[in-house]
Amino acid sequence: MLANLPICTLIADVAGSVASMNSGDLIAALLLLVLGVALGVGVTCLLTVLHFMRKGRLLPRPIMRKRELLPREHRVATPAFNLPTRWLAIRSGNPQLVQAALALINPMPCSWEEGLSAAHEHKLFISPAIRGWVFVMGSNLPEPSDDVDKCFRFVMDLSRKLGHVQFFSVNRAVNHHAWVQAELGTVVRAYAWAGRTLWNQGAMTRAEIDLSLKCFAYGDGEERVDFGRPDPASINTERLPLLAARWSIDPTSIDARMLKESRGIAGQPSRSSAR
C-alpha cells in the first residue's frame, strides 16, 4: 500500500546515515526507525479496517429486540379480556356440541362482551371456535377448593362426551390453582392446590417441567414461609396462563379484533351438569 513508501524511504535514509553516526546517534536513529515502523503498521491496519467496513463485512449486526424473544402467547397487541378465574378449553370446532354436552338451559347467541357479562351472572359462556378450541367460562364452573370431587366428576363427564377437555382454575388473592387435562373420560394429568394438595394425578407434563411448576404430593407442602425464596404456590399461580398456552391457548392472548365478527352462546347450566 501507499503507506509503505514513506516507511521504506525512512529506512533507506536511516541506513545510509548509520555509518557516519556515533553510538548515541545510532541509538536515536534505531528508535526513530522502530517508531516509523510502528506508525506504518498502524496506518496499514487502519486502512485495512476502513476498507472492509466500506464493504459491510465488519458492520455490527442488528440487536434482536426483546419482544422477538418472547413466546408466542405473549405477542398480543390488544387482549380481549382479563384472565378468568375458571375456564374450560375443549378441543373442538363446534360450540353447539359443547352446548349439548353441557345441556344449557335457555341458550342464546351473544357477543363476547355479552357472554362474558353473563358469565358473572351464574351463567356459562361458550365461545366460538378459536384455532380448534372452544372455551367455556363462568362462575358456575366447579371450584376445586370447594369440592374437588365435584370438579372431578364434572370434567370426567364432559370428557366422555367431548373427548379432550382441559380445566383451569386460579385465585390470585390466595394463590389457589388447579389444572386438569382429560381424554375420553380418563385423567391424563391433574393438580389442584388450596393451601394443601387436593388433587395430584398422572405424571407431570413436559410443559409443567419446563415452566418449573412445583407440585406437592398428598400431605406434603411447606410448613413455613421462607422469606428468602419465592412461594411455590405464587409461582404456580403466575405461570398458570403460560401452562394454558402450552396445553391449548392462553385466553388472555386472544386478540379482541378476532372477536368482533364471532358470536358465542350463553345459558344457564342444567342441574345435571352442575352436579
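The values are calculated or read from the model by the stated rules, or taken from the named source; none is laboratory data. Computed from a prediction, not measured in an experiment: that's the story for all the values here. Heads up, the Cβs are rebuilt from the backbone with ideal geometry, glycines too, and the neighbour counts pull from every protein chain shown.
Here is a check on your reading of the model: is Leu242 modelled with pLDDT of 95 or more, touching a helix residue (DSSP H, G or I) at 6+ places or on another chain (Cβ under 7 Å) and part of a loop (DSSP other than H, G, I, E, B)?
No; evaluated as a whole, the condition is false for this residue.
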request  = Restricting attention to the stretch 153-212, report how many residues are in a helix (DSSP H, G or I) and farther than 23 Å from Ala103 by Cβ.
outcome  = 5
request  = Go through (1) polar (S, T, N, Q); (2) closer than 21 Å to Ala245 by Cα; (3) part of a helix (DSSP H, G or I) one by one and return the number of the condition Ser117 breaks.
outcome  = (2)
ask   = Any residue in the stretch 143-160 that is of a type in the set (Phe, Trp, Tyr), modelled with pLDDT of 95 or more and over 25 Å from the mean Cα position of the chain (by Cα)?
value = yes
task = Please tell me if Leu102 is in contact with a Ser or Thr (Cβ under 6 Å, 6 or more places away or on another chain) and in the same structural domain as Leu243 (by TED's automatic domain parsing).
result = yes
ask   = Do you know which residues across the stretch 132-151 are assigned to a helix (DSSP H, G or I) and either closer than 22 Å to Pro251 by Cα or outside the structural domain of Ile265 (by TED's automatic domain parsing) (or both)?
value = Cys151
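Working only within the stretch 120-131, note down all residues that are in a loop (DSSP other than H, G, I, E, B), within 25 Å of the chain's Cα centre (by Cα) and touching a residue at least 40 places away in the same chain (Cβ under 8 Å).
Within the stretch 120-131, Ser127, Pro128, Arg131 meet the criteria.
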inquiry  = Being crowded, with 19+ Cβ neighbours inside 10 Å and over 14 Å from Asn200 (Cα atoms) is the filter here; which residues of the stretch 144-166 pass it?
reply    = Phe154, Val155, Leu158, Ser159, Leu162, Val165, Gln166
